[in-house]
Amino acid sequence: MSGTWASETLERIITADDLKVSPLRADGSTDGTPTWIWCVAVDGDLYVRGYNGTASRWYQAARARPHGRIHAAGQTHDVTFEPAPAELADRIDQAYRAKYATSPYLPPMIGARARAATLRITPHHA
């Protein structure tokens, strides 16, 4: 069952900016290799995008097996990965612009390729 983030937890994750995603491997029980990725929050939800779009290996793993873990702000969380609502794409872009305005990697992260690989990450409670 998926849930929502406690506001304090989400703020710690966003502020730390050290999020690593670990979708489950094909066996369905082994964590994948943690992959560092940018993250933003919109309306109390956590979002990530694949820099290489839908070809990103972690993205493909998360779509094939929607459960996994994230490592952020010194904590590990069991999570569910799901496609982001299309109607939030522009607001997610705005969040990336606000958080990563000075980065040379921003343009690709708000481009069509990365937008196509946007996932919402929610806490998973067994």
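What follows draws every value from the coordinates through simple rules; no lab data is involved. Not measured: the values here are computed from a predicted model. Here the Cβ is made from the backbone with ideal geometry for all residues, glycine too, and neighbour counts use every protein chain on show.
Name the residue, out of Thr33, Thr54, Thr118, that is in contact with a helix residue (DSSP H, G or I) (Cβ under 9 Å, 6 or more places away or on another chain), farther than 16 Å from Leu10 by Cα, of a type in the set (Val, Ile, Thr) and surrounded by 13 or more Cβ atoms within 10 Å (Cβ to Cβ). Before the answer, list the steps.
Values: Thr33 fails: surrounded by 13 or more Cβ atoms within 10 Å (Cβ to Cβ); Thr54 fails: surrounded by 13 or more Cβ atoms within 10 Å (Cβ to Cβ).
Answer to the selection: Thr118.
Taking the listed residues Ser7, Ser22, the one that is of a type outside the set (Lys, Arg), closer than 21 Å to His124 by Cβ and in contact with an Asp or Glu (Cβ under 6 Å, 6 or more places away or on another chain) is Ser22, with no other qualifying. Each residue in region 79-98 was checked for being touching a Leu at 6+ places or on another chain (Cβ under 9 Å) and not aromatic (Phe, Trp, Tyr), and 5 of them qualify. Scanning region 64-115 for residues that are of a type outside the set (D, E, K, R), surrounded by 15 or more Cβ atoms within 10 Å (Cβ to Cβ) and under 21 Å from Ser29 (Cβ atoms) returns Pro66, His67, Gly68, Ile70, His71, His77, Val79, Thr80, Phe81. When you look at Ala61, is it in contact with a strand residue (DSSP E or B) (Cβ under 8 Å, 6 or more places away or on another chain), surrounded by 15 or more Cβ atoms within 10 Å (Cβ to Cβ) and hydrophobic (A, V, I, L, M, F, W, C), yes or no? Yes; evaluated as a whole, the condition is true for this residue.
Considering region 1-29 alone, what residues qualify as being among the basic types (Lys, Arg) and touching a Gly at 6+ places or on another chain (Cβ under 9 Å)?
Within region 1-29, Arg12, Arg25 meet the criteria.
As a summary of the residue check, Ala55 satisfies the conditions (1) touching a Ser or Thr at 6+ places or on another chain (Cβ under 8 Å); (2) over 17 Å from Leu19 (Cβ atoms); (3) aliphatic (A, V, I, L, M) except for the one numbered (1). Exactly one residue among Gly53, Gly74, Gly44 is closer than 15 Å to Ile121 by Cα and out of contact with any strand residue (DSSP E or B) (no Cβ under 7 Å at 6 or more places or on another chain), and that residue is Gly44. Taking region 1-30 as the range and being more than 14 Å from the chain's Cα centre (by Cα), surrounded by 15 or more Cβ atoms within 10 Å (Cβ to Cβ) and under 12 Å from Leu46 (Cβ atoms) as the test, the residues that pass are Ser2, Thr9, Arg12. Taken over region 61-104, the residue count meeting the criterion of being within 17 Å of Leu119 (Cα to Cα), touching a residue at least 60 places away in the same chain (Cβ under 8 Å) and aromatic (Phe, Trp, Tyr) is 1.
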